[in-house]
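Below: one structure, written as structure tokens.
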Amino acid sequence: MRRSIQSSLIFGVVLLISISGLNRLSFATDVLEILPDGIPEVEALQVFREYFDDDHRVILLLKHDDEIFEEDVAELADHLKRSLPKARIQYQTRFDDDPESFAKSLARLWADSDPIQVERFTNRLRDPAKLQALLVEAKDKIALSLDQGEATMAAYDPLGFLTHPTMTQLQGNSFDYQSDDGRFWLLMIANTELGLEYREHAKWVNQIRESANNWKSEGFTYTLTGGPVFSSEIGSGMEKDMSGTIAMTSVIVGILFLLTQRSFVQLLVLGAILGLVFLITLGLAGWVYGTLNLVSVGFAAILLGLVIDYGVVIARESSSGQSPASLRREMAPGILWAALTTAVVFGILMLSTFKGVQQLGGVVLMGLIVGAIICLWLMPLALERFPRKEPCQLLRPPFLGVRLALAFLLVLLIGSAGVFVSLGQPEIEFDVSMVEPEVSEAAQTLEIMQNQFPAFSRRNLSLVAKGETVNEVRDSLKVAEAKINQLKEAGLITRSEWPVEVLPDRYARKTNAEVWNEISLSSQVILTQMERAGFNEKGRALDSLVLKNLADISDELDPFARKFYHEDGFFSGRIQLKEIVTAETAKDLQVLNTDDVTVSGWEMLRLLLLKRVKDDLYLLFIPATLVLLFALILVFRSWKDAVLTAGVLVTVLLLVNALVVVAGKPWNFLSSMAIPLIVGTGIDYSIHLIFALRRSHGDLAKVWNGVGKGIFFCGLSTVVGFGSLCFASNETLQSMGFFCGIGVLLTMTLSVMVVPTLWVWGHRNR
């Protein structure tokens with residue numbers, strides 16, 4: 001009685017701690033959260049995302065079968081602004097959107113430029129004759145130039161401030177809001193108050209969608225993309241997939257449990273136990289991790305499939321009139337050893353360099369220990385109070401004869417080897433797009449943008465530089481710029497956006513100050529001469545604003561410069577490759593990488609992380625094998641039982657890999673979680689069967705009607721649970737469901753058909 005009270009108090013404390021941990025738990029939809037630390041390319045992308053990428057914005061892609069006119073876009077933008085007060089919307093170039101700010105940035109750029117360059121440029125403005133010739137040249141370009149861009153520039157900037165080398169570079173990579181064919185237009189919708197939680201993103205995206213739907217304009221369609229859209233799609237998909245898996249598995253388990261135990265009350269108890277296990281596990285995860293990433297949410301299906309086994313095996317082994325204490329003593333060795341060995345398997349995943357895999361291993365480890373303890377504590381109490389009826393006799397023992405069992409294993413091993421010899425080894429792939437829903441509006445829209453807008457091309461890569469001071473950053477940039485120019489000459493890079501000149505240069509500004517003051521004092525004369533040359537107010541607007549701002553340059557970092565430089569010491573540029581990056585070009589690009597400069601991008605990461613995935617598999621395989629061999633010997637204290645279990649596991653793993661090759665479905669970073677699951681379930685099934693064989697002294701009929709049927713039905717339910725993931729919203733979970741389902745089915749089949757027979761044969765022939 002006293003022990004029962006103590007147990008209840010401990011459980012109550014753990015439950016309260018877990019409930020409080022739930023308040024700390026959140027779900028992360030950012031792919032970067034699952035990637036390894038310490039990889040320069042990953043860290044560079046994290047810096048780019050944090051400081052320079054407008055990942056919080058929603059992008060509305062407006063489409064029309066014919067040409068889209070700016071007036072229509074302006075009407076839509078005004079409509080969105082009225083209905084979305086928190087939205088900041090941009091649909092045109094920076095000059096058109098905010099001419100004052102653009103002119104201020106251009107003036108600052110010239111103020112910080114090379115003094116020789118400034119002297120050469122201002123000579124044309126200080127000399128009336130040269131100024132007149134410059135204006136005539138601009139008029140000729142407007143009238144005669146076949147280059148529409150050149151003519152437009154001359155019309156809006158006759159003095160040539162936009163000819164600054166940095167502006168020329170940026171203009172070559174300029175961000176266009178309208179596609180070349182005129183049928184697509186981009187609207188950037190930002191909300192600086194938007195949080196990080198995917199439900200908040202989903203709410204914001206729905207508000208934008210509802211507002212856009214209320215804009216009545218014939219012939220227009222739109223789609224959405226951007227960070228919040230991806231986040232809401234992935235997060236909602238994760239939530240749906242997890243709840244769907246749990247629901248489907250629970251229903252199937254319920255039906256199978258009723259067939260075997262014929263007790264609805266026991267089923268409710270088992271459901272309550274599973275609920276407690278999930279509650280406590282999630283609460284502990286909240287305290288330990290705080291946030292569950294895209295990979296670790298897969299723990300639900302894994303934990304459900306494994307913990308159910310404990311409850312069903314205990315129920316199958318219980319006998320009428322048996323006390324809870326007696327049942328616990330009888331079942332504790334098998335259940336605890338099964339939980340501990342499987343927990344060790346998943347604990348080894350914590351050695352992975354991928355944060356997602358590390359977290360998955362940790363969460364499942366906690367859940368297995370919690371599940372085993374709760375099942376051993378509560379299930380015997382329920383069985384005493386609500387005993388089962390006569391066991392189900394629908395199935396006959398499927399045990400193979402000794403010779404047939406050995407022949408069966410041999411055939412499977414030879415067949416697997418034949419597949420590897422004829423078709424090769426299974427492939428491994430890594431693609432971050434696999435976490436996206438299979439039907440993704442955000443991904444489809446982004447693909448259109450990649451084809452229609454150069455700024456979003458898959459050929460673009462980002463470069464991130466760092467330094468303690470502006471001068472250190474500038475020095476790193478100049479070294480990188482020289483290397484970029486070499487790669488341009490080699491034909492690898494076609495364009496670059498690496499504007500070193502946006503960084504403040506106090507020496508240059510001080511040297512140029514006298515010249516620009518002189519120009520500013522004569523600005524009215526310059527503008528008057530432009531008017532006499534025939535340039536109207538619109539044609540003088542940009543140059544007038546630049547001349548005005550040259551008279552007053554502040555020391556604050558310009559908003560335009562913030563696009564490239566952050567006060568924390570980071571600078572970001574962009575390069576465009578001739579072709580989409582390949583393994584070969586990725587090696588060539590490594591020349592750009594130094595301690596202070598890193599080239600990165602999703603296309604580059606895909607190649608780099610693929611190698612890391614392969615290295616991880618080998619890294620985990622060796623310690624896992626050694627630990628498992630030691631664990632099997634420790635559990636069974638019999639080399640024969642350890643060899644029998646290991647032989648079944650090896651056969652299943654080889655067979656699964658052979659099926660992977662035949663099916664043409666390569667392993668990915670999440671589907672590879674099927675391997676520890678197969679090993680874990682295989683060890684569990686062998687432990688349950690062998691311990692039952694020891695208790696019954698090799699009575700196969702008793703083992704089958706007890707643990708055997710329990711494992712059979714548990715295996716089926718686990719297969720169904722993972723099979724439900726084949727209908728998940730993204731390819732990664734689908735792949736995981738397929739491999740895990742096939743693996744568990746094979747493990748259960750071989751364990752039930754082979755282990756009991758060979759165990760009896762081995763121990764009778766000692």
Review point. Relative contact order for the chain: what is it in percent, counting Cα pairs under 8 Å that are at least 6 residues apart?
Key: 22
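Please rank 33, 579, fewest neighbouring Cβ atoms within 10 Å first, as an exposure proxy. If you can, show how the numbers build up before the last one.
Details: 33 18, 579 11.
The fewest-first ordering by Cβ neighbours comes to 579, 33.
For the chain, what is the charge dipole size about the Cα centre, in debye to the nearest 20, if Lys and Arg each add +1 at the Cβ and Asp and Glu each add -1 at the Cβ? Write out the running numbers ahead of the final one.
Details: 68 positive and 84 negative charges, 1010 e Å.
Around 4860 debye, computed over the chain.
Packing-wise, with mean Cβ within 10 Å as the measure, how do 328-336, 77-85, 737-745 rank, highest first?
Numbers: 328-336: 18.3, 77-85: 14.9, 737-745: 24.8.
Packing proxy ranking, top to bottom: 737-745, 328-336, 77-85.
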Check your understanding: Tell me, what is the FRET efficiency for residue 332 and residue 49 to the nearest 0.05, using R0 = 56 angstrom and their Cβ-Cβ distance as r?
Key -> 0.70
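How high is the FRET efficiency between residue 129 and residue 536 when r is their beta carbon distance and R₀ equals 30 Å, given to the nearest 0.05? Could you put the intermediate results ahead of the total?
Numbers: r = 23 Å, r/R0 = 0.78.
Given R0 = 30 Å and the Cβ-Cβ separation, E is 0.80.
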Exercise for review: Compare the Cα positions of 339, 593, 416 along the charge dipole of the chain (+1 at Cβ of Lys, Arg; -1 at Cβ of Asp, Glu; about the Cα centre) and return the one farthest towards the positive end.
Suggested key: 339
Review point. Got a sec to turn the phi values of segment 403-417 into Karplus ³J(HN,Hα) couplings, 6.51 cos²θ - 1.76 cosθ + 1.60 with θ = phi - 60°, whole Hz, x for Gly and Pro?
Key: 4, 5, 5, 5, 5, 4, 5, 5, 4, 5, 5, 5, x, 4, 4
**Study point:** Among the listed pairs 483/510; 81/216; 355/611; 587/611, those beyond 18 Å (Cα-Cα)
**Key:** 483/510
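Determine the sum of side-chain charges near residue 235: Lys and Arg each +1, Asp and Glu each -1, restricted to other residues whose C-beta is under 9 angstrom from that of residue 235.
Values: positive: 199; negative: 197, 233, 239.
Charge balance near residue 235 sits at -2.
Given a Förster distance of 35 angstrom, what is the FRET efficiency for residue 663 paired with residue 638, based on the Cβ-Cβ distance and rounded to 0.05? The partial results should precede the final answer.
Working: r = 37 Å, r/R0 = 1.05.
Computed FRET efficiency for residue 663 and residue 638 comes out at 0.45.
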Point to revise | Full-extension gain in nm, residue 265 to residue 425, via 0.36 nm per residue minus C-alpha separation | key: 52.7 nm
Practice item. Using label points projected 7 Å from each Cα along Cα→Cβ, tell me how many nm separate residue 439 and residue 66, to one decimal. Key: 3.3
**Study point:** Calculated from backbone phi, Karplus (6.51, -1.76, 1.60) coupling profile of segment 375-382 in Hz, x at Gly/Pro
**Key:** 4, 5, 7, 8, 4, x, 5, 5
Study note, to complete from the structure: Per the charge dipole of the chain (beta-carbon charges, Lys/Arg positive, Asp/Glu negative, Cα centre), the residue among 219, 294, 372 reaching farthest to the positive end is 372
Practice item. In nm, give the distance between the simple-model label positions of residue 279 and residue 74, each being 7 Å from the Cα along the Cα-to-Cβ direction. Key: 6.1
Practice item. Give me the lysines in straight-line cross-link reach of residue 139: C-alpha distance below 22 Å, same-chain residues under 8 apart excluded. Key: 130, 538
Review point. What whole number of Å gives the distance from the Cα centroid of segment 118-146 to the Cα centroid of segment 316-352?
Key: 87
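Counting other C-beta atoms within 10 Å, which of 24, 209 has the fewest, and how do the rest follow?
On the way: 24 14, 209 17.
Ordered from fewest to most neighbouring Cβ atoms within 10 Å, 24, 209 come out as 24, 209.
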Practice item. Would you mind ranking 122, 645, 582 by Cβ crowding within 10 Å, fewest neighbours first? Key: 582, 122, 645
**Study point:** Simple Cβ-charge dipole of segment 262-390, Lys/Arg +1 and Asp/Glu -1, about Cα centre, in debye nearest 20
**Key:** 120
Revision key, fill the gap. Placing +1 on each Lys and Arg Cβ and -1 on each Asp and Glu Cβ in the chain, then taking the dipole about the Cα centre, the residue among 747, 469, 311 whose Cα reaches farthest towards the positive end is 311
Practice item. Taking 7 Å along the Cα-to-C-beta vector as the label spot, tell me the residue 217-residue 448 distance in nanometres, rounded to one decimal. Key: 1.4
Practice item. List the relative contact order of segment 262-390 as a percent without decimals, with contacts defined as Cα pairs under 8 Å and 6+ residues apart. Key: 44
Study note, to complete from the structure: Note, segment 447-453: 3J(HN,Hα) by Karplus (6.51, -1.76, 1.60, θ = phi - 60°), whole Hz, Gly/Pro = x, goes 4, 4, 5, 5, 7, 9, 10
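Tally Lys and Arg at +1 and Asp and Glu at -1 over the other residues with C-beta under 10 Å from the C-beta of residue 531: what net charge comes out?
On the way: positive: 532, 540; negative: 537.
Residues close to residue 531 contribute a combined charge of +1.
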Review point. Shape call for segment 262-390 from the C-alpha gyration tensor, a ≥ b ≥ c root eigenvalues: rounded (a/c under 1.5), prolate (a/b greater than b/c) or oblate?
Key: prolate
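Assuming 0.36 nm per residue, please report the length gained on full extension of the stretch residue 144 to residue 88 beyond their Cα-Cα distance.
Details: separation 56, 0.36 × 56 = 20.16 nm, distance 3.96 nm.
My answer for the length gained is 16.2 nm.
Throughout, read-outs are computed from the coordinates displayed, never taken from laboratory work. Remember, it's a predicted structure, so these values are computed and weren't measured experimentally. When we count neighbours, we look across all protein chains shown, and the Cβ atoms used for this are built from the backbone with ideal geometry, even at glycine.
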